[in-house]
Amino acid sequence: QSQEVSQARIDYHVALQALQEHGTRMVCTGKMHTDRICRFDYLCYSSEAEEFVFFHSNSSVMLPNLGSRRFQPALLDLSSVEDHNTQYFNFLELPAAALKFMPKPVFVPDITLILNRFNPDNLMHVFHDDLLPAYYTMKQYSDLDDEARLVFMEGWSEGPHFDLYRLLSSKQPLLKEQLKNFGKLMCFTKSYVGLSKMTTWYQYGFVQPQGPKANILVSGNEIRQFARALMDKMNITRVEEMEKEGGSAEDKKEKEKKDDYIVVFSRSTTRLILNEAEVIMALAQEFQMRVVTVSLEEQSFPSIVQVISGASMLVSMHGAQLITSLFLPRGAAVVELFPFAVNPEQYTPYKTLASLPGMDIHYISWRNTKEENTFTHPDRPWEQGGIAHLDKEEQDRIQASKEVPRHLCCRNPEWLFRIYQDTLVDIPSFLEVLKEGMKTRPSLKKAKVASTVHPGRVREPKCQTSVQTTNEAKLTVAWQIPWNLKFLKVREVKYEVWIQEQGENTYMPYILPQQNYTFSENIKPFTTYLVWVRCIFNKNLLGPFADVLTCRT
Ligand code: UDP
């Protein structure tokens with residue numbers, strides 16, 4: 001229906017004339033191919049050539065106009081994975097006059113977001129590389145609304161999680177394969193190409209061993225807003241909402257306690273927990289809680305999210321299914337199990353997620369340190385950790401190794417061998433790690449009180465000086481509270497003062513509870529000091545420094 005309506009809005013001849021006269025127009029953000037997103041009018045795609053086409057005319061715009069630097073190495077990354085050479089975007093150029101000799105273009109009226117999914121078979125990749133970036137790219141450009149059309153150019157088929165991609169807009173996403181059905185030449189009336197990388201927190205180890213990104217720009221708040229939006233689309237009722245519905249505070253507390261449960265996310269084909277029943281029993285006994293198991297093989301994804309969104313603890317082997325921890329309620333714990341010889345410190349996508357500021361999820365890892373409890377699969381295909389294809393010598397070395405050394409993605413046989421082991425979880429050591437881990441669990445109340453509002457600058461900073469004797473002087477610094485403080489309830493307000501003798505490159509830092517102070521130690525007569533003052537809320541929320549004061553004794 002909506003398709004017909006918008007088709008009707010586009011007069012074919014007007015569109016064709018506009019394309020012929022104005023050609024393609026492109027305006028992008030970003031200085032580098034790795035941070036670029038481009039907006040196009042009349043970007044076309046030739047399904048014959050399998051290339052996007054930019055039509056030049058007298059009124060075409062191409063900004064940035066990189067010349068042939070456009071190929072060094074590309075105009076932009078089509079996926080959110082940084083600078084991956086299989087994910088580059090570029091276009092071919094043609095004069096608009098060539099349209100006369102080409103098949104009649106089919107126009108796509110929808111505002112379109114064109115991107116590559118990175119690995120749609122793997123749930124962690126689906127969320128981290130595609131869904132979150134697409135969701136926030138759409139928030140960045142307000143015309144990419146619920147009616148937007150998504151086009152996936154990586155060339156894969158729908159994959160097992162296509163229903164999740166469908167949640168991003170009301171229109172069916174298109175695959176590269178399907179573009180053929182629109183004819184030999186299709187032109188997107190308005191489109192955006194590329195994905196925001198703002199929300200990604202992990203790099204997979206293509207150029208250096210995997211780990212958290214160097215400069216993480218996302219907080220738990222944005223992850224949770226995304227999770228909530230997705231849950232709404234899946235028609236999942238949230239626990240907090242059910243709680244709001246009524247009953248006294250006491251009732252709620254009682255109810256909450258009774259309803260506390262632990263989720264064990266199980267894998268049924270690879271990287272198994274061999275004594276899952278025993279693990280479940282131990283958890284139930286230790287925490288006096290119900291334990292529920294879920295698996296991607298047995299439940300629908302929304303039903304898994306429903307269960308996880310009310311859980312107190314999520315226990316699972318390391319693996320993509322742990323990305324569902326982003327649906328845990330605040331204050332919950334994630335317990336990630338690692339097979340023998342795999343160091344939890346080196347594989348931290350889920351730890352990093354749980355630890356994002358404001359995520360309020362407590363993270364605990366356990367690793368199997370008992371070699372007799374690991375079950376290896378040397379004869380499987382290499383991609384499931386088999387090593388039979390290697391030299392005998394190399395096989396022996398891997399079998400004898402007690403820890404996988406740091407390595408790059410993605411085909412390191414020792415890594416694959418170890419990460420695809422099955423594990424008999426040693427219950428005493430598992431419970432020990434859990435008990436220890438839960439001791440350091442921060443209270444949610446504290447986390448809530450720790451507000452995220454930063455202080456403003458201190459106002460009207462002033463200094464006064466006096467000389468006492470030929471080698472004694474005083475420096476008094478005073479200031480007013482930041483403007484936003486009077487609207488806030490802050491547990492602790494402190495001020496930091498830096499004093500530097502002009503020309504020196506070190507400074508003395510002081511932390512003060514009050515709004516003025518007279519310094520006399522280390523203050524010399526007839527000397528110029530530079531003084532900076534800033535406000536600090538609750539020990540770690542730093543405000544900006546006020547303009548530097550120049551104070552001459
Ligand atoms: N998977 C699963 N059960 C299994 C093994 C895998 O549901 O027994 C899922 C897993 O969650 C992921 C995908 O299949 O979404 C690919 O799993 P793989 O082991 O290749 O990746 P990893 O979990 O190590 O990221």
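The values are calculated or read from the model by the stated rules, or taken from the named source; none is laboratory data. The structure displayed is predicted, hence computed values, not measured ones. Cβ coordinates were reconstructed from backbone atoms using ideal geometry, including for glycine residues, and neighbour counts include every protein chain displayed.
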- Message: One residue is enough: does the range 308-315 have a residue meeting the conditions out of contact with any Pro (no Cβ under 7 Å at 6 or more places or on another chain), surrounded by 20 or more Cβ atoms within 10 Å (Cβ to Cβ) and under 16 Å from HIS128 (Cβ atoms)?
- Response: no
- Note on the structure: Selection over the range 67-91 where residues are surrounded by 17 or more Cβ atoms within 10 Å (Cβ to Cβ) and either in contact with a Pro (Cβ under 9 Å, 6 or more places away or on another chain) or modelled with pLDDT under 95 (or both) yields a count of 5
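If a residue has to be of a type in the set (S, T, N, Q) and in contact with an Asp or Glu (Cβ under 9 Å, 6 or more places away or on another chain) to count, how many in the range 200-230 make the cut?
2
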- For LYS139, all conditions in the list (1) assigned to a helix (DSSP H, G or I); (2) in contact (Cβ under 8 Å) with a residue 40 or more places away in the chain; (3) among the basic types (Lys, Arg) hold save one; what is the number of the exception? (2)
- Item | In the range 518-532, the residues that are of a type in the set (Phe, Trp, Tyr) and touching a strand residue (DSSP E or B) at 6+ places or on another chain (Cβ under 6 Å) | PHE519, TYR529, TRP532
- From the set of residues in the range 434-455 that are at pLDDT 95 or above and surrounded by 16 or more Cβ atoms within 10 Å (Cβ to Cβ), which is farthest from GLN384 (Cα to Cα)? PRO455
- Scope the range 327-345; condition within 14 Å of the ligand (Cβ to nearest atom) and out of contact with any Phe, Trp or Tyr (no Cβ under 6 Å at 6 or more places or on another chain); matching residues: PHE338, PRO339, VAL342
- Item | Matching residues in the range 335-390 - criterion: being surrounded by 18 or more Cβ atoms within 10 Å (Cβ to Cβ), part of a loop (DSSP other than H, G, I, E, B) and acidic (Asp, Glu) | ASP360
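So is ALA478 surrounded by 12 or more Cβ atoms within 10 Å (Cβ to Cβ) and touching a Ser or Thr at 6+ places or on another chain (Cβ under 6 Å) or not?
It is false that ALA478 is surrounded by 12 or more Cβ atoms within 10 Å (Cβ to Cβ) and touching a Ser or Thr at 6+ places or on another chain (Cβ under 6 Å).
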- Query: Does at least one position in the range 170-193 carry a residue that is touching a strand residue (DSSP E or B) at 6+ places or on another chain (Cβ under 8 Å), closer than 18 Å to ASN119 by Cα and within 16 Å of the ligand (Cβ to nearest atom)?
  - Reply: no
- State yes or no: is TYR165 under 24 Å from LEU353 (Cβ atoms), in contact with a strand residue (DSSP E or B) (Cβ under 9 Å, 6 or more places away or on another chain), of a type in the set (Phe, Trp, Tyr) and at pLDDT 95 or above? yes
- Item | Hits in the range 391-408 - residues which are under 24 Å from VAL334 (Cβ atoms) and surrounded by fewer than 16 Cβ atoms within 10 Å (Cβ to Cβ) | GLU403, ARG406
- Query: Restricted to the range 456-475, and to residues that are at pLDDT 95 or above and outside any strand (DSSP E or B), which residue is surrounded by the most Cβ atoms within 10 Å (Cβ to Cβ)?
  - Reply: VAL458
- Taking the range 526-544 as the region of interest, how many residues are surrounded by fewer than 21 Cβ atoms within 10 Å (Cβ to Cβ), among the aromatic types (Phe, Trp, Tyr) and within 17 Å of ASN505 (Cα to Cα)? 1
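If I filter the range 307-317 down to residues being under 16 Å from VAL433 (Cα atoms) and not hydroxyl-bearing (Ser, Thr, Tyr), which single residue comes out as farthest from the ligand (Cβ to nearest atom)?
Among residues in the range 307-317 that are under 16 Å from VAL433 (Cα atoms) and not hydroxyl-bearing (Ser, Thr, Tyr), the one farthest from the ligand (Cβ to nearest atom) is MET313.
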- Message: Out of the residues in the range 399-422 meeting the condition of being in a loop (DSSP other than H, G, I, E, B) and over 20 Å from GLN208 (Cβ atoms), tell me which one is nearest to the ligand (Cβ to nearest atom).
- Response: TYR420
